[in-house]
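Heads up, the thing below is written out as structure tokens.
The values are calculated or read from the model by the stated rules, or taken from the named source; none is laboratory data. All figures in this text were calculated on a predicted structure; none of them were measured in a lab. Neighbour counts run over all protein chains shown; Cβ positions are idealised from the backbone, glycine included. Heads up: the accessible areas ignore ligands, DNA and RNA and are worked out on the full protein's heavy atoms, side chains in. Shrake-Rupley method; radii C 1.70, N 1.55, O 1.52, S 1.80 Å.
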Amino acid sequence: MAKRPGKTINMLDGEKLDFVGIHDFDEWYKYLYRWCEWHKFASITEKKYKEQRNLQPDGSTSKNIEIVWEAGRSVDEYTKINIEVRIQCINQKDVEVVRDGVKAMWQVGEIVMFVWAGFTLDKAGWFEGPFTGFFKKFYEKYLYREMIDQLKRDVWKQGWEFFNDAKKLLNLYTFETRPSEISKKGGGGGLTGF
């Protein structure tokens, strides 16, 4: 997560989503942006966009894309919630698909996404000095403690909601059978999800 004034508490710290397959990248990317708008993130900033085209041995072209953006929402005058997303698309190629009888151009390739979610206390840096630092510690420890605890729960939940919605849209629900403790003792197997 980017360096900010104040103290940043990360609840998701670079959670990784890795997907290889056919997908509609434009629709997926728009959905992530709209998700932030729906959840009242007022400032959404694309910090980096880099696209590189590659010539493949078979004569076709693919592209690698790197995108970094950050979304922020003020909670009050003291605190701000932040989500940072880093997306890497590797060897993206256009492919024609037929879905519900309609032809469309989608992409095939790998998407790697990292998500950071946290909140910043003293977002404006008002209490950075040694004298005011004492008041900041007192305020956060005694007066703002319940709000910090609530923010930890809310930001953790919202960060995972963002991550899981991104995953869901790419149809990443997979199940695998794993032997459970019961099956090791002669019982049935267990199903584990995503």
For region 72-115, how many residues meet the condition of being open to solvent by less than 40 Å² (accessible area, probe 1.4 Å) and over 18 Å from GLU27 (Cβ atoms)?
9
Regarding PHE162, is this residue at pLDDT 75 or above, in a strand (DSSP E or B), surrounded by 11 or more Cβ atoms within 10 Å (Cβ to Cβ) and among the hydrophobic types (A, V, I, L, M, F, W, C)?
no
Would a scan of region 24-39 turn up a residue that is part of a strand (DSSP E or B) and either over 22 Å from GLY118 (Cβ atoms) or without any contact (Cβ under 8 Å) to a residue 40 or more places away in the chain (or both)?
no
Using beta carbons and a limit of 6 Å, which pairs, at least six apart or on different chains, have the first residue in region 132-156 and on the phi < 0 side of the Ramachandran plot and the second one acidic (Asp, Glu) and modelled with pLDDT of 95 or more?
none
Within region 47-60, restricting attention to residues that are open to solvent by 100 Å² or more (accessible area, probe 1.4 Å) and within 19 Å of the chain's Cα centre (by Cα), which residue is nearest to GLU84 (Cα to Cα)?
LYS47
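So that you can scan it fast, the table gives a plain yes or no per residue for (1) under 30 Å from ASP154 (Cβ atoms); (2) of a type in the set (Phe, Trp, Tyr):
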| residue | (1), (2) |
| --- | --- |
| PHE19 | yes, yes |
| GLU37 | yes, no |
| SER43 | yes, no |
| ARG53 | no, no |
| ASP58 | no, no |
| TRP69 | yes, yes |
| SER74 | yes, no |
| VAL85 | yes, no |
| ILE90 | no, no |
Within region 64-71, identify whether any single residue is surrounded by 16 or more Cβ atoms within 10 Å (Cβ to Cβ), aromatic (Phe, Trp, Tyr) and not in a strand (DSSP E or B), and answer yes or no.
no
Identify, please: which residue in region 118-146 is among the acidic types (Asp, Glu) and not in a loop (DSSP other than H, G, I, E, B) and is, among those, least open to solvent (accessible area, probe 1.4 Å)?
GLU140
